[in-house]
1. Under 16 Å from the 7 Å Cα→Cβ point of Thr30, by amide nitrogen: which residues of segment 45-78?
2. May I ask you to compute the full-extension gain from Leu55 to Ala105, defined as 0.36 nm times their residue separation minus their alpha-carbon distance, rounded to one decimal in nm?
3. Using a 1.4 Å probe, what is the accessible area per residue for segment 1-45, in Å²?
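The values are calculated or read from the model by the stated rules, or taken from the named source; none is laboratory data. Since we're looking at a predicted model, the values are computed, not measured. Neighbour counts are summed over all protein chains in view; Cβ atoms, including those assigned to glycine, are modelled from backbone coordinates with ideal geometry. SASA here: full protein model, heavy atoms, side chains in, ligands and nucleic acids out. Shrake-Rupley method; radii C 1.70, N 1.55, O 1.52, S 1.80 Å.
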Amino acid sequence: MTSTTRAQRVETLTRAARAKHDTAVTRAETGIRALATSGEPINFRSVAATAGVSLDFLYRNPDLRHRIETLRAQQHPTRTAPPPRTSATPTDAVVTTLTVKLRQARDEIAELRAQLAAAHGELLTLRRARQPRLDAVVDDALVTDASSTS
């Protein structure tokens with residue numbers, strides 16, 4: 001048996017890792033071509049499933065990542081604003097009517113809440129104004145009650 005040095009073992013492992021990486025890149029490129037040829041959607045998940053590589057591998061490889069993102073963008077062009085409707089359907093009319101009624105109800109509820117808050121404020125003010133008089137009435141009743149028992 002030949003004894004291998006540490007440097008030789010490192011070199012062997014490095015070559016094996018490089019070969020494994022290159023094989024995975026080749027499988028990913030083959031998967032991308034197969035998806036493009038068949039007309040199937042090209043995205044990270046479909047490429048990973050077709051090529052037998054991990055999503056992490058695809059995301060970490062800048063060349064493959066850029067290529068998949070570019071092909072994905074070409075398949076799904078940027079969405080533009082939907083075309084304006086030319087005629088309203090009965091469903092649209094119902095939705096519009098209910099939306100208007102809902103806004104009116106919300107406005108009315110907001111107004112009622114404001115009125116309720118104002119009424120609570122007035123009640124608090126009246127209670128505070130009336131409190132000293134009640135204390136005086138209670139004090140008078142206690143004095144009168146004490147003088148009648150003596």
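1. Output list for this probe position: 47-54.
2. So the extension gain works out to 12.9 nm.
3. That works out to 80 Å² per residue.
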